């Protein structure tokens with residue numbers, strides 16, 4: 001084998017191996033084209049260096065342009081990198097503990113949610129520290145909350161209805 005054929009063979013293998021570093025699929029097609037040219041040179045179909053470079057260039061583009069989008073779409077079909085859940089939307093309605101008094105004048109209070117404290121603002125009125133609130137929505141990094149009614153905050157304190165007594 002002549003040195004140019006060996007060079008195309010080595011470059012083709014290196015290009016395919018370098019795909020592991022970039023994952024763009026361009027190097028693979030350029031490497032396959034180089035291996036194809038090396039094969040054509042070994043069979044004697046292509047002789048000159050300029051023809052080899054020309055065949056490599058057109059083959060590289062001919063493989064990359066139509067096949068790269070198709071293969072990328074095929075490879076992405078099985079994997080999902082995007083989490084479809086919306087944590088803020090899922091958190092709405094959660095009952096949280098108020099750790100610093102909250103009012104409706106601004107984000108000057110704090111609530112404990114998911115193990116950390118968050119700035120909070122009340123929709124109406126105020127909620128003292130130690131109370132409970134319901135998450136309504138998040139405005140940037142501030143949770144907008146609403147106060148819980150006394151019945152919602154402590155359902156165990158509500159007396160059970162008497163079944164045996166008849167009201168007159």
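FYI, it's all coordinate maths here, none of it is from the lab. It should be emphasised that the depicted structure is a prediction, and the values quoted were computed from it without experimental measurement. Note that each Cβ is placed from the backbone with ideal geometry, even for glycine, and that neighbours are counted across all protein chains shown.
Tabulated results
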quantity: Neighbour-count ranking [beta-carbon atoms within 10 angstrom, fewest first] of 140, 72; calculated: 140, 72
quantity: Mean-position separation - Cα centroids, segment 88-122 and segment 50-75, in angstrom; calculated: 55
quantity: Length released on extending from residue 74 to residue 20, taking residue separation times 0.36 nm less the Cα-Cα span; calculated: 17.7 nm
quantity: Extension reserve of the residue 86-residue 146 stretch, reckoned as 0.36 nm per residue once the Cα distance is removed; calculated: 19.5 nm
quantity: Burial ordering of 56, 118, fewest other beta-carbon atoms within 10 Å first; calculated: 118, 56
quantity: Cα gyration tensor shape for segment 3-76, rounded if a/c is under 1.5, else prolate or oblate; calculated: prolate
quantity: 74, 137 arranged by Cβ crowding within 10 Å, fewest neighbours leading; calculated: 74, 137
quantity: Segment 89-149: C-alpha gyration tensor shape, a/c 1.5 cut-off, then a/b vs b/c; calculated: rounded
quantity: Three-way shape label, segment 1-40, alpha-carbon gyration tensor, a/c 1.5; calculated: prolate
